[in-house]
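Contents: one structure, followed by commentary.
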Amino acid sequence: MNINEIQQIQLEYLNDNDYHELRAVMASSYQNMPESLWGEKQIKKLISIFPQGQVVIKVNGNIAGCALCIRVNSQDFARPHTYKNVTGNYTFNTHRNDGDALYGIDVFILPEYRGLRLGRRLYDYRKELCEKLNLKSIMFGGRIPNYHKYANEMSPKEYIQKVKQKEIHDPVLNFQLSNDFHPAAILRNYLEGDAASSEYAVLLEWDNIYYEIPQTLAETKKTVVRLGLIQWQMRPYKTIEDVLQQAEYFIDAVSGYRCDFALFPEFFNAPLMAAYNHLSEAESIRKLASYTEEIKEKFSEFSISYNINIISGSMPEMVDGKLMNVGYLCKRDGTIERYEKIHVTPDEAKVWAMERGDTIKAFDTDCGKIGILICYDSEFPELSRLLADEGMEILFVPFLTDTQNGYSRVRHCSQARAIENECYVAIAGSVGNLPNVHNMDIQYAQSMVFTPCDFPFPSNGIKAEATPNTEMILIADVDLDLLTELHEQGSVRNLKDRRKDVYEVRRTGKSK
């Protein structure tokens, strides 16, 4: 048909009154396989058991193509099977209302309408239906109609590989591969009488990246997560109660905006060292470490009472006589997780005699899987890559920098982590001055939320940014579903395209 003659294209559910027109379309589409025509009772059966799965595409009011499918349990047909098996000997008693996958029974387009990408519209409908019904996948046995030309030269597996490498053209398999279906198995004796395919077929699958395993508990995983970043002002505090009062003020504020996370900066409690300024720097920070347990416990109370997950930034802590830089994830369900700074700066080692940590892990939360890297750790891409391999979706970076060039290292490295790991990255630091605390005189910060750089995200990769060197909170929503889409359908796919055959990032025996 001439494309200029097309006035209207519509996708509609198949109904009983369509059968006689549909049969004529089938006859034209299957001239070489007349045994493939469906009977009226069979079509009515499909419509009655699964009306959403049966659709026609009409051009100028006339049927130009059709797609038929049923619901099945994917495990039942993950192993080798035949077309008769999956259709229940053409009775469709294999359909399951609670099945977790769509199984494609048939797709056909009238010869005169081929080349208009109408088949793609039918496949797009199936994908949308799969997502709408929260099914794991779409599957079907795909014919390989040009295989008979090569059956004496190569196996079906070799044939499929050459089609994928564009060395052989197969009209059906090429179409399926271009529609994001992937081969899962070779099916022998699949469709009786399919001489063109030597009765072979390829089990093709399309995975629903939005599939969620049905929950039996009264809980949901949030897909849009609200972050509350606290750009903390360094000011004199006489007591720990003063610090906790200010911290609670900020937690109350971000909780009032229904944030899911509150992120504090690295060493936000440093003003308490002012009372020990007469001691050496190393002795003073060890005094500060004595407050860590109390702050941790209080933050855990805040997380429960304000219904928010709190990332405590970082604090010094004495562990078996060693000074370490650690922080705590205080979850709103009452549990507490600990994280450590893996790389201490030369200044931390020289002035404070601070020791390095060994624990690297991603944390499960009610808002997805997160990672936390303290300041300098963000400048080492291996750490975030390990966390990404564990499924991290949001990386939090509490930091403390005195100068703008120090801040720029954290800022630009954190943005790189968002791009290379296809995740969100939130950084929060402190501002102001501490004239009575040695080695903590000045602070520079601009808290930010970074995203990958692709079409669903800001083009510059910046979701939100605070005013530099000003005490404030920064609130931003991040959509985890966009990350899921990016992993599979992004313009580039940094995680999937890594050459693990050439290089790898792995843990050593020391890491925990």
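The values are calculated or read from the model by the stated rules, or taken from the named source; none is laboratory data. Nothing here was measured: the structure is a model prediction, and the numbers come from that model. Cβ sites come from the backbone with ideal geometry, for glycine too, and all protein chains shown count toward neighbours.
Here are a few things to note about the model shown:
- Qualifying residue in segment 109-126 (condition: in a helix (DSSP H, G or I), in the same structural domain as Ala67 (by TED's automatic domain parsing) and touching a Lys or Arg at 6+ places or on another chain (Cβ under 9 Å)): no
- Within segment 369-418, considering residues that are more than 17 Å from the chain's Cα centre (by Cα) and aliphatic (A, V, I, L, M), the one farthest from Ala464 (Cα to Cα): Leu383
- For segment 488-495, the criterion of a residue being among the hydrophobic types (A, V, I, L, M, F, W, C), over 19 Å from Leu383 (Cα atoms), surrounded by 18 or more Cβ atoms within 10 Å (Cβ to Cβ) and modelled with pLDDT of 90 or more is satisfied by no position.
- Matching entry among Leu102, Leu116, Leu68 (being surrounded by 20 or more Cβ atoms within 10 Å (Cβ to Cβ) and within 30 Å of Glu5 (Cβ to Cβ)): Leu68
- Residues satisfying the stated conditions in segment 392-441, i.e. part of a loop (DSSP other than H, G, I, E, B), more than 18 Å from Leu229 (Cα to Cα) and at pLDDT 95 or above: Met392, Glu422
- Residue identified as of a type in the set (Ser, Thr, Tyr) and touching a helix residue (DSSP H, G or I) at 6+ places or on another chain (Cβ under 6 Å) among Tyr90, Tyr83, Tyr19: Tyr19
- Search result, residues across segment 13-42 that are at pLDDT below 90 and among the aromatic types (Phe, Trp, Tyr): Tyr30
Yes/no matrix, rows are residues, columns are (1) over 23 Å from the mean Cα position of the chain (by Cα); (2) outside the structural domain of Phe77 (by TED's automatic domain parsing):
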{"position": "Lys157", "(1), (2)": "yes, no"}
{"position": "Ile160", "(1), (2)": "yes, no"}
{"position": "His169", "(1), (2)": "yes, no"}
{"position": "Leu177", "(1), (2)": "no, no"}
{"position": "Phe181", "(1), (2)": "no, no"}
{"position": "Arg188", "(1), (2)": "yes, no"}
{"position": "Tyr200", "(1), (2)": "yes, no"}
{"position": "Pro214", "(1), (2)": "no, yes"}
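- Total residues in segment 420-438, condition over 24 Å from the mean Cα position of the chain (by Cα) and closer than 19 Å to Gln233 by Cβ: 9
- Checking Ser255 against (1) touching a helix residue (DSSP H, G or I) at 6+ places or on another chain (Cβ under 7 Å); (2) closer than 30 Å to Leu482 by Cα, the condition it does not meet: (1)
- Pick from segment 4-16, criterion among the charged types (D, E, K, R) and either out of contact with any helix residue (DSSP H, G or I) (no Cβ under 7 Å at 6 or more places or on another chain) or surrounded by 14 or more Cβ atoms within 10 Å (Cβ to Cβ) (or both), ranking: nearest to Cys69 (Cα to Cα): Glu12
- Only listed residue being charged (D, E, K, R), within 22 Å of Ile109 (Cα to Cα) and modelled with pLDDT of 95 or more, chosen from Lys58, Lys45: Lys45
- Just one of the listed residues (Pro468, Pro452, Pro456) is on the phi < 0 side of the Ramachandran plot, surrounded by 16 or more Cβ atoms within 10 Å (Cβ to Cβ) and either touching an Asp or Glu at 6+ places or on another chain (Cβ under 6 Å) or in contact (Cβ under 8 Å) with a residue 24 or more places away in the chain (or both), and it is Pro452.
- All told, Ile138 falls short of being touching a helix residue (DSSP H, G or I) at 6+ places or on another chain (Cβ under 6 Å), farther than 30 Å from Gly368 by Cα and part of a strand (DSSP E or B).
- Scanning segment 166-192 for residues being touching a Leu at 6+ places or on another chain (Cβ under 9 Å) and either surrounded by fewer than 12 Cβ atoms within 10 Å (Cβ to Cβ) or part of a helix (DSSP H, G or I) (or both) gives a total of 3.
- Strands (runs of 3 or more DSSP E) wholly inside segment 253-364 containing at least 1 residues that are in contact (Cβ under 8 Å) with a residue 12 or more places away in the chain, among the polar types (S, T, N, Q) and surrounded by 21 or more Cβ atoms within 10 Å (Cβ to Cβ): 309-311, 322-330
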